[in-house]
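So the structure is just underneath, and the comments pick up after that.
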Amino acid sequence: MANIGVIGTGYVGLTTAVCFAELGHKVIGFDIDVSKIEVLSSGKSTIYEEGMSELIVKNLANNNLTFKGNIEAITNCEFIFLCVPTPQDADGSADLSYVIKASKDLSPLLKKDAVLITKSTVPVNAWKDVVKALDRSDVAVVSNPEFLREGSAIVDFFNPDRIVVGCTSSQKAKQVSDLYKQPDIQTIITDNSSAELIKYASNSFLAIKLSYVNEIAALCESVGANAKDVLFGMGQDSRIGSRFLEPGPGWGGSCFPKDVRALRVTAEDNAINMSLLSAALDSNEKTHRRIVDKVEKELGNSLIGKTICIWGLAFKANTDDYRESPSIAVIERLIGRGASVVAFDPVITNVDNKKIKIAKSIEESCKSADAILVLTEWEQFKSVNPDSVKDLVKNKVVIDSRNILDKKQWTKSGFNFIGNGWQ
Ligand code: UGA
């Protein structure tokens, strides 16, 4: 059992704090936002994440977990995880100011021989800035990137594909990997810079893969092939892998777009032309456009005055996050071409763009719609009976950008069904 401090209780920090507590460690979660601390201390989760509230309640009760709004609370911790944001700067690079500030604030507080672990996604060699800001020769700085997916963060924490730990001291790196109590999981012990780059290289690779998947889907549509079969066939090659092969309205979220842009800046700063990164970003925008084109084509080549019913605002299912959501990007293009939009999402009931009308139910979203457009793969949409909405819509057109609906069932109810990458 170790005493662990977690700085920042966002998606990554909260999951880290709660899961380490669940493993039996004594964990203090710190955040400058005291209103968050109050909510968490009362046993409620501040994020929408499967199983989170239950684990918070359990570990507050057994005293493995506490939340504090004063950073001095972590003075007795041996291991401190930095989980503060690294937002995108104006030039696309990652803004390290929160990481540096936290390191400076922690410097006079950390106990002798403590270990400071960077879990925030930071560009390669940021660890050197942390060492400098910390200015403590007795404190080891360890780079331990996270690979948690929103919506399944807890499952991912306990069942990782790998644990990556980078440090100049392999002994300190081992101490950090031992905290996870996962002797059977592949652990990669490396230097700090490599650990930091594994994170960016992985996220960017997945984004490039998805851009390629979406381009294959577009090609399938043009040549009359079936993207479902093509992508399944590709995925059976173990060198390609069957996961992350689902076409959609584009990839988004708080990580992929930001990380691809930040890696591109790092490459440019080092005079390396990583043209695939730019290509993946451009391709993603083309995918947004392609989805809008499909809707427009089905509605007589004009969206002016048309009402589009949108199913899903979140950047993927099982999260309430719509940061850089492809849904929002597609919706804004629809509105830009003269359509109005009524959206329903099972958990998002409010968005910044007030031109997006939000419906309270699936039925309400369908009223007088010229087309239904599925943008997020929520389970709830899969089970909609088309007969229950066919009399609500103005026009029986459904465009399923996530390929989650049953074409036969929708066609039987009289809908013109358009999938993504297949006829
Ligand atoms: C991503 C990575 O998957 C995590 O490993 C990483 O830890 C995390 O970023 C992060 O850097 O913190 P996340 O942003 O939660 O996780 O979302 P993903 O599940 O990776 O999905 C990203 C986007 O790709 C979503 O818009 C999703 O709908 C899309 N996607 C994913 C597809 O369009 N098709 C697929 O087959 C898979």
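All of the numbers you see were taken from the coordinates with simple rules; none came from a lab. Just so you know, these numbers come straight off a predicted model, no measurement behind them. Positions of Cβ are generated from backbone atoms using ideal geometry, with glycine treated the same way; all protein chains shown enter the neighbour counts.
So ILE185 passes all but one of these: (1) in contact with a strand residue (DSSP E or B) (Cβ under 8 Å, 6 or more places away or on another chain); (2) assigned to a helix (DSSP H, G or I). Which condition number does it fail?
(2) is the only condition that ILE185 fails.
Would you check if ILE240 is closer than 30 Å to THR168 by Cβ, more than 9 Å from the ligand (Cβ to nearest atom) and free of Cβ contacts under 8 Å to residues at least 60 places away in the same chain? Please lay out each step first, then the result.
Details: closer than 30 Å to THR168 by Cβ: no; more than 9 Å from the ligand (Cβ to nearest atom): yes; free of Cβ contacts under 8 Å to residues at least 60 places away in the same chain: yes.
It is false that ILE240 is closer than 30 Å to THR168 by Cβ, more than 9 Å from the ligand (Cβ to nearest atom) and free of Cβ contacts under 8 Å to residues at least 60 places away in the same chain.
For (1) without any contact (Cβ under 8 Å) to a residue 60 or more places away in the chain; (2) more than 25 Å from the chain's Cα centre (by Cα), each residue gets a yes or a no:
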residue: VAL12; (1), (2): no, no
residue: ILE28; (1), (2): yes, no
residue: ASN70; (1), (2): yes, yes
residue: ILE74; (1), (2): no, yes
residue: CYS83; (1), (2): no, no
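Can you tell me which residue is surrounded by the fewest Cβ atoms within 10 Å (Cβ to Cβ) among those in segment 389-423 that are among the hydroxyl-bearing types (Ser, Thr, Tyr) and farther than 26 Å from THR319 by Cα? Don't jump to the end; show me each part of the working.
Taking segment 389-423 as the starting set, the residues that turn out to be among the hydroxyl-bearing types (Ser, Thr, Tyr) are 401, 411, 413.
Then drop every residue that is not farther than 26 Å from THR319 by Cα, which leaves 411, 413.
Details: THR411: 14, SER413: 16.
It comes out as THR411.
From ALA207, ALA227, ALA195, grab the single residue that is over 23 Å from the mean Cα position of the chain (by Cα) and either surrounded by fewer than 20 Cβ atoms within 10 Å (Cβ to Cβ) or of a type outside the set (Lys, Arg) (or both).
Numbers: ALA207 fails: over 23 Å from the mean Cα position of the chain (by Cα); ALA195 fails: over 23 Å from the mean Cα position of the chain (by Cα).
So the residue among ALA207, ALA227, ALA195 that is over 23 Å from the mean Cα position of the chain (by Cα) and either surrounded by fewer than 20 Cβ atoms within 10 Å (Cβ to Cβ) or of a type outside the set (Lys, Arg) (or both) is ALA227.
Does LYS172 meet the test of being of a type in the set (D, E, K, R), out of contact with any Cys (no Cβ under 7 Å at 6 or more places or on another chain), part of a loop (DSSP other than H, G, I, E, B) and within 15 Å of ILE80 (Cβ to Cβ)?
Values: of a type in the set (D, E, K, R): yes; out of contact with any Cys (no Cβ under 7 Å at 6 or more places or on another chain): yes; part of a loop (DSSP other than H, G, I, E, B): no; within 15 Å of ILE80 (Cβ to Cβ): yes.
The answer is no for LYS172.
Those residues that are without any contact (Cβ under 8 Å) to a residue 12 or more places away in the chain and within 16 Å of the ligand (Cβ to nearest atom), I need them from segment 109-152; list them, please.
Within segment 109-152, ARG149 is the sole residue that qualifies.
If you scan segment 153-163, which residues turn out to be near the ligand (Cβ under 8 Å from one of its atoms) and either touching a strand residue (DSSP E or B) at 6+ places or on another chain (Cβ under 8 Å) or touching a residue at least 24 places away in the same chain (Cβ under 8 Å) (or both)? First the steps, then the outcome.
So in segment 153-163, the residues near the ligand (Cβ under 8 Å from one of its atoms) come out as 153, 156.
Listed by number, the list holds a single entry, ALA153.
Give all pairs with beta carbons closer than 6 Å in which a residue from segment 412-423 that is closer than 11 Å to ASP400 by Cα meets a residue that is surrounded by 13 or more Cβ atoms within 10 Å (Cβ to Cβ) and hydroxyl-bearing (Ser, Thr, Tyr); count only pairs at least 6 apart in sequence or on separate chains.
Pairs that qualify, where the first residue is closer than 11 Å to ASP400 by Cα and the partner is surrounded by 13 or more Cβ atoms within 10 Å (Cβ to Cβ) and hydroxyl-bearing (Ser, Thr, Tyr), are PHE417/THR411; ASN420/SER401.
Would you confirm, using the coordinates I've provided, whether LEU299 is more than 11 Å from the ligand (Cβ to nearest atom) and buried (at least 22 other Cβ atoms within 10 Å of the Cβ)? Let's see the steps before the verdict.
Details: more than 11 Å from the ligand (Cβ to nearest atom): yes; buried (at least 22 other Cβ atoms within 10 Å of the Cβ): no.
So LEU299 fails the test.
Considering each of GLU196, GLU215 in turn, give the residue that is under 26 Å from VAL124 (Cα atoms) and either within 16 Å of the ligand (Cβ to nearest atom) or in a helix (DSSP H, G or I) (or both). Give the derivation first.
Numbers: GLU215 fails: under 26 Å from VAL124 (Cα atoms).
Result of the check over GLU196, GLU215: GLU196.
So how many residues does segment 17-41 have that are of a type in the set (Val, Ile, Thr) and in a loop (DSSP other than H, G, I, E, B)? Outline the logic, then answer.
Residues of segment 17-41 that are of a type in the set (Val, Ile, Thr), as a first pass: 18, 27-28, 32, 34, 37, 39.
Narrowing the set further to residues that are in a loop (DSSP other than H, G, I, E, B) leaves 32.
Of the residues in segment 17-41, 1 are of a type in the set (Val, Ile, Thr) and in a loop (DSSP other than H, G, I, E, B).
Which residues, counting only those in segment 71-124, are within 23 Å of VAL164 (Cα to Cα) and β-branched (Val, Ile, Thr)?
ILE80, VAL84, THR86, VAL99, ILE100, VAL115, ILE117, THR118, THR121, VAL122, VAL124
Tell me the residue from LYS112, LYS44, LYS58 that is part of a helix (DSSP H, G or I), surrounded by fewer than 17 Cβ atoms within 10 Å (Cβ to Cβ) and charged (D, E, K, R), please. Working first, answer last.
Details: LYS112 fails: part of a helix (DSSP H, G or I); LYS44 fails: part of a helix (DSSP H, G or I).
Just one listed residue meets the conditions, LYS58.
Scan segment 389-422 residue by residue and report those that are within 30 Å of the chain's Cα centre (by Cα) and assigned to a loop (DSSP other than H, G, I, E, B).
SER401, ARG402, ASN403, ILE404, LEU405, ASP406, GLY419, ASN420, GLY421, TRP422
Being more than 16 Å from the ligand (Cβ to nearest atom) and either crowded, with 20+ Cβ neighbours inside 10 Å or over 27 Å from GLY421 (Cα atoms) (or both) is the filter here; which residues of segment 265-286 pass it? Spell out how you get there, then give the answer.
Looking only at segment 265-286, we keep the residues that are more than 16 Å from the ligand (Cβ to nearest atom), and these are 265, 267-276, 278-279, 282.
Matches in segment 265-286: VAL265, ALA267, GLU268, ASP269, ASN270, ALA271, ILE272, ASN273, MET274.
Residue-by-condition table, conditions (1) surrounded by fewer than 13 Cβ atoms within 10 Å (Cβ to Cβ); (2) of a type in the set (A, V, I, L, M, F, W, C); (3) away from the ligand (no atom under 16 Å from the Cβ); (4) in a loop (DSSP other than H, G, I, E, B):
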residue: ILE348; (1), (2), (3), (4): no, yes, no, yes
residue: LYS360; (1), (2), (3), (4): yes, no, yes, yes
residue: SER365; (1), (2), (3), (4): no, no, yes, no
residue: THR376; (1), (2), (3), (4): no, no, no, yes
residue: PHE381; (1), (2), (3), (4): no, yes, no, no
